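Everything on this sheet refers to the single structure shown next.
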Amino acid sequence: MTSTEVLSMYENIAGLTNQMVLAARTGAWDDLTELEGQCEAQAHAANALAVVSCAPRVRKIELLKQILANDRAIRNITEPWMSRLFNPAQAPHQQS
């Protein structure tokens, strides 16, 4: 696989994680789940790739940082929701 193909794959993953952040922010959980599956498939393919040369390596690192930041944003949105879902006693009480 060429450096261009490797970077293209990481660009795709970064784009998917951007979409995942938007889905999480808007509460589009079905979309988030579908995008997560697409991202996972791309990530498995990316793990099998060869080492990238110097200039593309810098871009690859930038993309990985973006992907990790997107992952953090998704977790910041979904983890409190998941906690309330699985621990209803911790959910804020609504007054009648």
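Would you check if Ala28 is at pLDDT 90 or above and surrounded by fewer than 18 Cβ atoms within 10 Å (Cβ to Cβ)?
Details: at pLDDT 90 or above: yes; surrounded by fewer than 18 Cβ atoms within 10 Å (Cβ to Cβ): yes.
Answer is yes for this residue.
Working only within the range 44-63, note down all residues that are in contact with a helix residue (DSSP H, G or I) (Cβ under 7 Å, 6 or more places away or on another chain) and at pLDDT 80 or above.
Within the range 44-63, Arg59, Lys60, Leu63 meet the criteria.
Of all residues in the range 73-96, those being surrounded by 10 or more Cβ atoms within 10 Å (Cβ to Cβ) and either modelled with pLDDT of 65 or more or closer than 25 Å to Val6 by Cβ (or both) number 13.
The values are calculated or read from the model by the stated rules, or taken from the named source; none is laboratory data. On a predicted model such as this, the values are computed, not experimentally measured, just so you know. Note: ideal-geometry Cβ built from the backbone for every residue, glycine included; neighbour counts use all protein chains shown.
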